[in-house]
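Peer 1: Before I ask anything, here is the structure I am working with.
What follows draws every value from the coordinates through simple rules; no lab data is involved. Note that the structure is predicted; figures quoted are calculated from it, not measured. Cβ: placed from backbone, ideal geometry, glycine included. Neighbour counts: every protein chain shown.
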Amino acid sequence: MSATRITALALAALLASGTLFPSSANAVEIRGKVIHPTRPGGAADIEVRLLGLTEDEEPIRADTRTDGDGNYRFEDLPAPATYLIAASYDGISFPGGTLSFPEADSPPKPPLTFHIYDRTADPSSLTAPSLRWIVEREADSYRVAQSIAVHNSRSGVVVVDEAAAPLLRMPLAPAHGEVRTAFGRLPEGVTIRDGIAELRGPFLPGEREIRLSYDLPADGDLQTVIGALQPTATNGGGAWELGAPRIERLELYLKDFGIAVDGGDLYPARPVRDGDVTYLSFLGFELEPGTRYPIRITPLPPSSGPPTWASILLISLLAGGSLYLVGRPVAAGSAERVEVSEVADVEKRALRDALADLDFDFETGKLSVQDRDRLRGELKREAVRSLARRRRAVTTESPAVRAILCKCGHRPRPGDRFCAACGKSL
Amino acid sequence: MTLGEYSLFLALFFCVYAAVAAVISVARDAPHWLRSAERGVIAVFALLSMSMIGLWAALLGDRFDLAFVAQISAREQPWLFKMALWGGQDGSMLLWTWMLALMSFLVIRQNRDRNRRLIPWVIVSMMANIAFFGVLVAFVSNPFEALPPGHAYSSGNGMNPLLQHPAMLIHPPILYVGLIGFAVPFSFAAAALITGELGQNWFRATRRWTLTAWFFLGIGIMLGGRWAYEVLGWGGYWAWDPVENASLMPWLAATAFLHSVMIQEKRGMLKIWNVTLIGLTYSLCVFGTFLTRSGVVQSVHSFANAGWFGTLFLVYVGVLIVVFAGLVLWRLPLLRSENKLDSVISREASFLLNNYAFMALLSIIFFGTLYPVFSEALTGVRVQIGPPFFRQFAGPLALFLLFLTGVGPLIAWRRATWVNLRKSFLWPAAFALAAVAIAWAVGVRRFWPCAFFALCAFSAATILEEYQRGIRARMRRGESVGRAFLELMRRNQRRYAGYVVHLAVLLMFVGFAGAGFNLEETKLLAPGQVWSLNGYDLEYRLTRQVTHPHYAGAVARLALSKDGRPVGILTPQKRMYFQQEQPATIPAVSSTLREDFYVILVGLEEDRSVALKVYINPLVNWIWIGGFVFVIGNTLLLWRLPERRARRSES
């Protein structure tokens, strides 16, 4: 068999295998429409790109162009995989969205429709809904994450060329280190010049957040931090000076590393916890361009009580003093003065008060003469009985009498009227 | 561990020691052990004081490495509010424990030469109380607990802004003095039951303690009402909230006790009832604290803290009740009455009725407060009972109590005659009729307010009549009117100062009766618009923004005039506190003796119009005036006048 024949047979077998043994991965389709909302027909013949990643992390790339109505279609795409669609128009990439096919036999997806816009250099539609700073102290540096959200309210893309003046300026901290970014590249339209992040767009309708992270040297001097928090090179120490546009919400988060922060006109908010880290947080609302917001950061003494040795000394003194206080009477074992039971005295006092009340009720006209005399007689008889009980109490040994001790500490015998030790009357 | 925490643990040790030493002193009849126990009490007080100083130092020194300090304090908080350690659960429990120790110390000082047979058991009881709260503070709710490393704050959350009000600086400590103060008569009652000395000693020795606790609890409740009225912005002062009820219940039980103990004092009757009442009062104090802090019932201002804290508290309340009830049952033979009721027309009979009414009121409040718990236990559904339930029952009972307030003073002890009663009630009855006629003339047509006004007038007339009769009796001895009045107050201090307290209660009831005519309206007003309401004209002028380091909000300027005459500018506010993420409504009130014009800013619209809510609360100021008179009356009651001794020698 000639080499040509063998090659022809192999090719035929290879072709046949494609139909006899189809691929295990299913083919899926993505279709949709690109719309230009302000210019009819503007979406015709637009380049649409597809970027995909299979389960095995195999990249997939495909391009197509829209038809006259803006429709596009990608066929025979492998699944399972995830796809990102974007349209390229006037040099700007417009994200269309993401579609995911988690199974080999995933059902078809509805059409993916998205918009493209014309570009403009007019920044009047831009606002900054939020400006956020997160400052943390690491072992040998301060880590700053600075982000700004830019909102474009116009139905167009605000963008300028690199040669033109930037649309927004977001100053970074002086002496900042290398700016860390995703994939090692600065976000699209961002350049850093003289410590200021210049933002030239594109800003599509809606909101875009631009986040930059960098380190600052931490030499222990808090002035470095204060300096680091200066957003412009022109303002004074420790103040934020905001450039246009107006900042609707400013958020400042400072990792709590033993500092007291006076946020000036910013509102101190509830400390924020993220895992084990506590952030002091400050909020500002509707901050006007050009206004300076002074922020004072002062170091705090370490939050702790008295030194351990002082605590131990003091507590030992307290414990020792208390033990001495309570132990002394027991150690001395001395009998101390205990007075006569007051039961009889109280009874006497009660009867006396009852008589006085009775007389007063009579004087104020609440009792008749007969009632007064009868009740007075009863009370007198009660008093006589009480006196008799009192006499018996001091001459017989009752539980109350057993407790009687003379003021000198001597315990009298039952029936004693005078103390045998000191001679005082009992 | 901080110095305060060390002191706390040492205090716990000496607390147990003092109780054991007191028991040994009784068992061995050894006075030196009792002296040692007393010194143990002093050590406990000193050590807990050190603990308090430690916590105050931590608060003033911004020790935000302690969880409690970080929770209730903030660096920029005024120092007075930093000192308010009762702003959080842990600190308030330490304060509670310290107050118990302070009271134990004072009891020991007062009774160095008195009540020696009772004192060992009083020490045991007080130390048992301190030990329970001390264990809670040390192991469950420790204010000295440090935050884990890396969790420390440079500043704290700060006290709840609503609590940063002058009334709140004194309201909790005053309330605590009231609630904790009942531990002293409770301990004396327990000691009397253990020793069998169930005569008059135990309550005579603690009369001033009982009165002081009752007075402080009353003032605490009133200050709470005043704070709610001024700060919470809902137009009222009492919402029958479980936490409010929790403080009212022991006050009612104590009020019943203060009246019924007089019957034991004068007649040797109601001994079982009196020890039961004082046991009930203190148990309700502790139970109320459990309600406030366990989260068992939902309340707008409770420290919800489920888990161990609530369980321990419940067990403690249970032990307290069981032990005390056991003691009462054991001593039943010694608690028999020495006398019987001579007549149903006597002051003791009226006091007995007064006790029934107080107990009925207390039972209703108890049932209503715990109804959600009962309903959940029985049916699985938590049913909340609102103010209408409480008002429905409390109203008639309050009327009955008002009637007794008037009747009681006019009846003699032991037995009164119908002839004397007819003579005594003539003028008060005429006053009551006149009050109804006046109320009718000014347009009051409803039964309940009319009845309240009539009975207030009736009782006020009896009090005035009492003063008039007393002065006349003194004048028969040749004294001038002024001299007779002073002598009357001096020589019958308890009785006539008590009447001042009754007068205070009547003034408060005038205020409560006014609530029947409260008016409530809501309206949206555009700038410049005038709202005419009940003779008032309220002109909305403008709203401006309020900015403050800790909150932002809006304040409305409202010009108020009455019958065409300008009254003033009212500025209700709506605030949002950033740090606590908490909104607050600050009312504006134009207050007269006749009524309060109370307005709150409900909302602000984009077109700058405002939604306002207006409450017209008639006679509400009389409640606060009543409170002021209540303070005067109690001060007179508690003031130790040398003339009382003179009266004894005279008699």
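Peer 1: Can you compute 3J(HN,Hα) from phi for each residue in segment B:614-620, using the Karplus curve 6.51 cos²θ - 1.76 cosθ + 1.60 with θ = phi - 60°, rounded to whole Hz and x for Gly and Pro?
Peer 2: 10, 10, 10, 10, x, 6, 5
Peer 1: Report ³J(HN,Hα) in whole Hz for each residue of segment A:360-369, in order, from the Karplus equation J = 6.51 cos²θ - 1.76 cosθ + 1.60 where θ = phi - 60°; Gly and Pro get x.
Peer 2: Taking θ as phi minus 60°, the curve returns 5, 4, 5, 4, 8, x, 8, 10, 7, 4 Hz for segment A:360-369.
Peer 1: Please identify the trypsin sites (Lys or Arg not before Pro) of segment B:444-491 that satisfy two criteria: DSSP loop assignment and at most 16 other Cβ atoms within 10 Å. Which are they? Intermediate values should be presented prior to the final figure.
Peer 2: On the way: sites: B:Arg445, B:Arg446, B:Arg469, B:Arg472, B:Arg474, B:Arg476, B:Arg477, B:Arg483, B:Arg490, B:Arg491; in loops: B:Arg445, B:Arg446, B:Arg476, B:Arg477.
Listed in order of number, the matching sites are B:Arg445, B:Arg446, B:Arg476, B:Arg477.
Peer 1: Note down, for chain B, the three equivalent ellipsoid semi-axes (square root of 5 times each alpha carbon gyration tensor eigenvalue), biggest first, whole angstrom.
Peer 2: Here the semi-axes work out to 41, 38, 21 Å.
Peer 1: Related question: Binned at 10 Å from 0, what are the whole-percent values of the Cα-Cα distance distribution for segment A:88-146, short to long?
Peer 2: Result returned by the calculation: 14, 21, 23, 24, 17, 1.
Peer 1: Which is farthest toward the positive dipole end of segment B:380-479 among B:Leu421, B:Tyr467, B:Pro387, measuring Cα position about the Cα centre, with Cβ charges +1 (Lys, Arg) and -1 (Asp, Glu)?
Peer 2: Sorting the options by dipole projection puts first B:Leu421.
Peer 1: In a shell of Cβ-Cβ distance under 9 Å around B:Val620, excluding B:Val620 itself, what net charge do Lys and Arg (+1) and Asp and Glu (-1) give? Walk me through the numbers on the way to the answer.
Peer 2: Values: positive: none; negative: B:Glu595, B:Asp596.
Net local charge, B:Val620 excluded: -2.
Peer 1: Under the 0.36 nm per residue contour assumption, what length would be gained going from the current alpha-carbon distance of B:Leu426 and B:Phe628 to full extension?
Peer 2: On the way: separation 202, 0.36 × 202 = 72.72 nm, distance 3.00 nm.
In short, 69.7 nm is gained.
Peer 1: If you find the alpha carbon centre of segment A:146-168 and of segment B:568-609, how far apart are they in angstrom?
Peer 2: When both Cα centres are located, 43 Å separates them.
Peer 1: Take the Cα of A:Ala44, step 7 Å along the line toward its Cβ, and report every residue of segment A:55-88 whose backbone nitrogen sits under 14 Å from that point.
Peer 2: Once the point is set 7 Å along Cα→Cβ of A:Ala44, A:66-71 turn out to lie under 14 Å by backbone N, inside segment A:55-88.
Peer 1: May I ask for the distance between the Cα centers of segment A:36-108 and segment B:105-132, given as a whole number of Å?
Peer 2: Using only Cα atoms to place each centre, the spacing works out to 87 Å.
Peer 1: In the neighborhood of B:Ala239, defined by Cβ-to-Cβ distances under 15 Å, what is the net charge if each Lys or Arg adds +1 and each Asp or Glu adds -1?
Peer 2: That sum, taken over residues with Cβ under 15 Å, equals -2.
Peer 1: Would you mind getting me the FRET efficiency between A:Ala27 and A:Asp265? Use the beta-carbon distance for r and R0 = 60 Å, nearest 0.05. Working shown, then result.
Peer 2: Working: r = 61 Å, r/R0 = 1.01.
FRET efficiency, A:Ala27 to A:Asp265: 0.50.
Peer 1: Taking the Cα-to-Cβ direction at B:Ile170 and at A:Asp56 and moving 7 Å from each Cα, how far apart do the two end points lie in nm?
Peer 2: 8.4 nm
Peer 1: What distance in nm lies between label points placed 7 Å from Cα along the C-beta direction at B:Thr311 and B:Leu334?
Peer 2: Reported label-point gap for B:Thr311 and B:Leu334 is 3.8 nm.
Peer 1: Around A:Asp161, under 11 Å between beta carbons, what's the net of Lys plus Arg minus Asp minus Glu among the other residues? The partial results should precede the final answer.
Peer 2: Details: positive: A:Arg119, A:Arg200; negative: A:Glu162.
Net local charge, A:Asp161 excluded: +1.
Peer 1: Additional query: Listed here are the pairs A:Lys380/B:Lys423; A:Lys348/A:Lys424; A:Lys366/B:Lys340; A:Lys348/B:Lys423; which of them are more than 32 Å apart at the Cα? Provide the component values of the computation, followed by the final result.
Peer 2: On the way: A:Lys380/B:Lys423 29 Å; A:Lys348/A:Lys424 24 Å; A:Lys366/B:Lys340 21 Å; A:Lys348/B:Lys423 34 Å.
In this structure, A:Lys348/B:Lys423 lie more than 32 Å apart at Cα.
Peer 1: To continue, here is another question. Which ³J(HN,Hα) values, rounded to whole Hz and listed in residue order, are derived for segment A:81-98 from phi using the Karplus coefficients 6.51, -1.76 and 1.60 in 6.51 cos²θ - 1.76 cosθ + 1.60 with θ = phi - 60°, glycine and proline given as x?
Peer 2: So the J values, rounded to whole Hz, are 5, 10, 10, 10, 10, 8, 10, 10, 9, 6, x, 10, 8, 10, x, x, x, 10.
Peer 1: Given the C-alpha centroids of segment B:438-510 and segment B:1-42, what is the distance between them in whole angstrom?
Peer 2: Taking the Cα centre of segment B:1-42 as reference, the centre of segment B:438-510 is 49 Å away.
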